[in-house]
1. Kindly check whether there is at least one residue in segment 556-568 that is in a loop (DSSP other than H, G, I, E, B), closer than 19 Å to residue 608 by Cα and either touching a residue at least 24 places away in the same chain (Cβ under 8 Å) or among the acidic types (Asp, Glu) (or both).
2. Among the residues of segment 239-283, which ones are among the hydrophobic types (A, V, I, L, M, F, W, C), open to solvent by 30 Å² or more (accessible area, probe 1.4 Å) and in contact with a Pro (Cβ under 9 Å, 6 or more places away or on another chain)?
3. Examine segment 302-313 for a residue that is over 27 Å from residue 438 (Cα atoms), outside any loop (DSSP other than H, G, I, E, B), of a type outside the set (Val, Ile, Thr) and open to solvent by less than 10 Å² (accessible area, probe 1.4 Å), and state whether such a residue exists.
4. So which of 393, 471, 375, 397 ends up being closer than 30 Å to residue 91 by Cβ, out of contact with any Pro (no Cβ under 6 Å at 6 or more places or on another chain), open to solvent by less than 60 Å² (accessible area, probe 1.4 Å) and assigned to a helix (DSSP H, G or I)?
5. Based on what the data block shows, is residue 521 open to solvent by less than 20 Å² (accessible area, probe 1.4 Å) and over 26 Å from residue 160 (Cβ atoms)?
6. How about segment 253-287: which of its residues are within 30 Å of residue 664 (Cα to Cα), modelled with pLDDT of 95 or more and not in a strand (DSSP E or B)?
7. Could you check how many residues of segment 614-637 are out of contact with any Gly (no Cβ under 7 Å at 6 or more places or on another chain), open to solvent by less than 50 Å² (accessible area, probe 1.4 Å) and farther than 17 Å from residue 170 by Cα?
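The values are calculated or read from the model by the stated rules, or taken from the named source; none is laboratory data. Since the model is a prediction, treat every value here as computed from it, not as a measurement. No Cβ is skipped: glycine too gets one built from the backbone with ideal geometry, and neighbour counts run over all protein chains shown. Heavy atoms of the whole protein, side chains included, go into the accessibility calculation; ligands, DNA and RNA do not. Shrake-Rupley method; radii C 1.70, N 1.55, O 1.52, S 1.80 Å.
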Amino acid sequence: DLVANCDVFTSRSGKPVELNIWVRDGDLPRTGHAMQALKASMDWDERVYGREYDLGLFNIVAVSDFNMGAMENKGLNIFNSRYILADPETATDMDYDGIEGVVAHEYFHNWSGNRVTCRDWFQLSLKEGFTVYRDQCFSADMGSVDLKRIEDVRLLRAAQFPEDAGPLAHPIRPDSFIEISNFYTATVYNKGAEIIRMMATILGAESFRKGTDLYFDRHDGQAATCEDFVCAMEDGGDADLSRFRGWYSAPGTPRVSVALHHDAQTATARIDLAQTITLNGGAAEPSSLVIPLRTALFDSESGAHSGEQLLMLEQPQQSFVFENVAHPPIISINRGFSAPVIVESGLDQDALAFLARHDDDAFNRFDAMQQLMAAVLLERIAGGAGDAGALAAAIRAVLLDPQIDHALRAEMVLLPSETYIGDQMPVVDPDAIHVVREGLKAELRDALSTELMQCYQDAAPEAEFSLTADARAKRKLRNILLLYLAAGEAEAGLDLAYAQFTGAHNMTAMQGALSQLAHSMDARRDAALAAFFTRFRHDPLVIDKWFAIQAMSLRADTVEAVAALAQHSDFTMSNPNRVRALYGTFAGNQARFHDASGAGYRFLADMIVSLDKTNPQTAARMVPPLGRWRRFEPVRSGLMRAALESIAAQPNLSRDVGEQVSKSLS
């Protein structure tokens, strides 16, 4: 029994297209944002790619029990309701962004996936990598190019880089599989998008558009290959990409080491680059992928640079010379994250603080701050002093700089996640990472209390809810500042969090405050969680948030709390969203999932075995957190491996789970 939000889009040729979003009756008022996103994506695809919709009807159906986010059936997209339904009271700003991006992604598949589709499953990134790139660019145009790039790279580093570094590593065009559903991965999607982005960078906007026009015209109505796409880029852009093709068959994340030399007498600077790649924990080996690196050299005295250059690293080792460099420069490399690589720049804390203050590339400015924070954390984890003076000064400058908008300010002051810090270590020690990160957060709160509070007050929300960039940025900044203000169970910060929770008129503010309370031992925590549940108990998508907030708690009793939640009357294994909210979120909580007792591993393994009987696709997607066992200290490593072995020992495992477990153990 479905009802439809109906609208009409008029194409550039004047053809009316009937649009319908079908949902359950009570959900109809929450479909407006999705409809706006659909119409905006149709207009964008016409303007940017010249692709007009070819039918007179486009339907979307939203369902609440769905393994995927959405599915691009021609003219009848099937959606998980979480990517359709939104209003200020029940959806966060991130939910609004997710809806806009996924609606666009599935609509863009009409051309890059349906009218031109894949010859075989090995070509999956042909449609997914290209379409992710398209939806990323769309979302950037609808909002902020800089912020969208930061968000996309954060996701790549959190999901795809670990995949590349573990036993499930594979190229974006895999050469074998047991169960194809296991290849709907961050590598195929997100790294695939980065490879398309690199081609766009190499060719330039005009030539890239010529290449895509040729690709669509040449293969319309056909089942194509990744090679067909690259050939169209070559022919349309009049370029030779023969060496670039190596990205399609290379697993792993390249590392690029940087050595900068300055000659004052000749006023030149030489950049020596070397690329290596490591597979399955082996030794680093020389690599010769084509890596486009947008680069600028900043004058350390003036704080400016004379222009950006695109360095094409094509050999294991290569040198590049810059002329007219009078003073020792500071390098800003891989600007805009122009290549999906790990850059080892060798920059010291002073240089990183300089870039955090002066770099005119927003991504590298953000990344310099992340590196500065990581350097202090890693030094302390290793037992060093880890002086936070330069870091506190850099954060203070960001908080007080009137030229930085609130959204970028929020990104720049956010500490790297515990998972990201672990990824920088040869052996992950979750306890040390957690203790040091929480300690630094409290130290920075004490050093910057005045500035943090002033920024929190300056970002006070307007009375009326709005999705303008400024309103969204203020909500984001306040939530991140709460992380500092309430650090170490600071009473004043928890007072702010509770006041924000009780006074919130939108889900972004409410969830941000409740998440902070959920980390604490404050007596108001349980009351806030109970009030949230009572208010939203009849909205499944919001109750998913309630489960996830508790699964992400940093409290010492989180393992026991999550086990109890699995027995809650509102928890069900039959709904994939609910499973992901509790178990998926908990598996991403590095501090508590990796409890030294191994209880978190056993909890997840038992769920995988149980869920495999009814939903092997979702069960299989829960295996990778255990598959990273080689990265952890010996005790946890053994417990994680034992959990995997307990799954492998089960009779009649599905091909989905069996493949993931066997590869993780190999």
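1. yes
2. Residues satisfying the conditions are 260, 264, 279.
3. Checked segment 302-313: at least one residue is over 27 Å from residue 438 (Cα atoms), outside any loop (DSSP other than H, G, I, E, B), of a type outside the set (Val, Ile, Thr) and open to solvent by less than 10 Å² (accessible area, probe 1.4 Å).
4. The match here is 471.
5. Judged against the criteria, residue 521 is not a match.
6. Result: 253, 254.
7. 11
Here is a yes/no grid of residues against (1) out of contact with any Cys (no Cβ under 9 Å at 6 or more places or on another chain); (2) surrounded by fewer than 17 Cβ atoms within 10 Å (Cβ to Cβ); (3) more than 26 Å from residue 438 (Cβ to Cβ):
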position	(1), (2), (3)
552	yes, no, no
559	yes, no, no
567	yes, yes, yes
570	yes, yes, yes
579	yes, no, yes
582	yes, no, no
